[in-house]
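Have a look at this one.
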Amino acid sequence: MAQAVTSTVAPVKPLPAYVNWKNPDAMIVHSSSTLETKRGAFGSSIVTPTNQLYIRNNLPAPDASIVADRDSWEVAIEGVKNPRTFKVKELKSMGLETTAMVLQCSGNGRGYFPSKPSGTPWQVGAAGCVIWSGVPVRALTEALGGMADGMQYMTGTGGEKLPEGLDPKSVIVERSVPAKAMADALLAWEMNGEPIPLAHGGPLRLIVPGYSGVNNIKYIKRLAFTEAQTDAAIQAHGYRVSPPGQKGDPSQPSVWEMGPKSWINSPAPENGSVQAGIAQIKGVAFGGVHAVKSVEVSVDGGKSWKTARLVGPDLGRYAWRQFVLPVKLEPGTYTIACAVTNAEGSRQPENRMENAGGYNNNSWRDHALTITVV
Ligand SMILES: Nc1nc2c(c(=O)[nH]1)N[C@H]1C(S)=C(S)[C@@H](COP(=O)(O)O)O[C@H]1N2
Ligand SMILES: [Mo]
């Protein structure tokens, strides 16, 4: 006999119009500017399909007219011996590189902080492994006579139209990273084999491999080598790793290089209960700015560990690796964890580093999954 069921599940938000081409079944829509990939939706083929990659916008995306004629988008290169402005079409003749890298919001995993920091409570899905093609920043800089003397940072500015009536510095998306990060940085026009969609930063995006999401400036209109970090609020006060209860300020570390991190995507409780027998425990692992050396998996909450097998091609030190460990599971409850060790020998930590903004969570304990095997 049918019974009335009162649902306590929040209604699913529809995809915002500017990303209505995303796969709705793969996404958690937090807000119109924050969408993450569901844990169970990560596949096993390394690259995250564009239609299920997360979205994070600090400002509304620019008008679609900026991708109507991609080749005519302009970017100013400053802080070099011979500064000048290029159209994307010109950049395409200046060099070419393809890099696979983990794009991850610095707040990914914030949802596991018991202190509930303000900001989107991302779980694992504010991350993906993406292939970018573009001109190496190094090649471009050399063509312009090299960096000007005394420059310490590489500063990128987003091409959004700023809301009127506000101090531009309080809203502009402008970020500085140490100048050495230019060694592997790209000005990219292509993502996963297609022109970069507007929502992901087309026509041109700064890619800083190994650095967290916010440093990868979408619709970049200016790339400058600078003596100091920008004083934009998003750099000076935002995205700082500050002690709980303390506001961010320039004396605290910025979210730059990512740490080693891994998580299991399957078997996940959201995929239903797990049948007894052999389970293929699988997930993703990346080393931060270094390659993945090994991944260990535990089914007893970290008491004992076994080395997993890395799956598929190695797309370089900034990409993630898929891993798998077949495990025989009898009926019962298991806490499944994984921990990556990178080529420098740093192992993913057991615990998160508490901080006010909920940044840089790479705790293996926070990312463990408890499953019931029947
Ligand atoms: N111009 C611009 N670049 C930006 C942002 C933005 O709001 N504007 N958001 C940053 C943040 S916080 C993240 S996590 C990533 C998100 O990239 P995605 O939306 O392509 O996944 O872009 C970064 N680059
Ligand atoms: Mo982010």
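Test each condition in (1) loosely packed, with under 15 Cβ neighbours inside 10 Å; (2) in contact (Cβ under 8 Å) with a residue 24 or more places away in the chain; (3) in a loop (DSSP other than H, G, I, E, B); (4) not aromatic (F, W, Y) for P326 and report the one that comes out false.
Only one criterion is unmet by P326, namely (3).
Same structure again: Just checking, how many residues over the range 284-305 are among the small types (G, A, S), open to solvent by 20 Å² or more (accessible area, probe 1.4 Å) and part of a strand (DSSP E or B)?
Residues meeting the conditions: 1.
Continuing with the same structure: What tally of residues in the range 35-44 results from selecting those that are at pLDDT 95 or above and surrounded by fewer than 20 Cβ atoms within 10 Å (Cβ to Cβ)?
Going through the range 35-44 one residue at a time, the tally reaches 2.
Per-residue answers, yes or no, for (1) on the phi < 0 side of the Ramachandran plot; (2) within 16 Å of ligand 2 (Cβ to nearest atom); (3) free of Cβ contacts under 8 Å to residues at least 60 places away in the same chain; (4) not assigned by the TED database to the domain that holds M154:
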residue	(1), (2), (3), (4)
L59	yes, yes, no, no
E74	yes, no, no, no
N82	yes, no, no, no
E90	yes, no, yes, no
W122	yes, yes, no, no
W132	yes, no, no, no
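Whether any residue in the range 184-197 is of a type in the set (F, W, Y), more than 13 Å from ligand 1 (Cβ to nearest atom) and assigned by the TED database to the domain that holds E78 is what I want to check.
Checked the range 184-197: at least one residue is of a type in the set (F, W, Y), more than 13 Å from ligand 1 (Cβ to nearest atom) and assigned by the TED database to the domain that holds E78.
Which residue pairs have Cβ atoms closer than 9 Å, lie 6 or more positions apart in sequence or on different chains, and pair a first residue in the range 221-246 that is under 11 Å from R175 (Cα atoms) with a second residue that is assigned to a loop (DSSP other than H, G, I, E, B) and among the acidic types (D, E)?
A233/D167; A236/D249
Something else: Which condition does T99 not pass, out of (1) open to solvent by less than 70 Å² (accessible area, probe 1.4 Å); (2) away from ligand 2 (no atom under 16 Å from the Cβ); (3) over 19 Å from P136 (Cα atoms), if it passes all the others?
(3)
Right, I281: modelled with pLDDT of 95 or more, more than 15 Å from ligand 1 (Cβ to nearest atom) and surrounded by 23 or more Cβ atoms within 10 Å (Cβ to Cβ) or not?
yes
Next question, about the same structure. So, L15, is that one surrounded by 15 or more Cβ atoms within 10 Å (Cβ to Cβ), within 16 Å of ligand 1 (Cβ to nearest atom) and closer than 19 Å to E194 by Cα or not?
no
The values are calculated or read from the model by the stated rules, or taken from the named source; none is laboratory data. Since this is a predicted model, take the numbers as computed values, not measurements. With ideal geometry, Cβ positions are generated from the backbone for all residues, glycine too; neighbour counts draw on all protein chains shown. Accessible surface areas use protein heavy atoms only, side chains included; no ligands, DNA or RNA. Shrake-Rupley method; radii C 1.70, N 1.55, O 1.52, S 1.80 Å.
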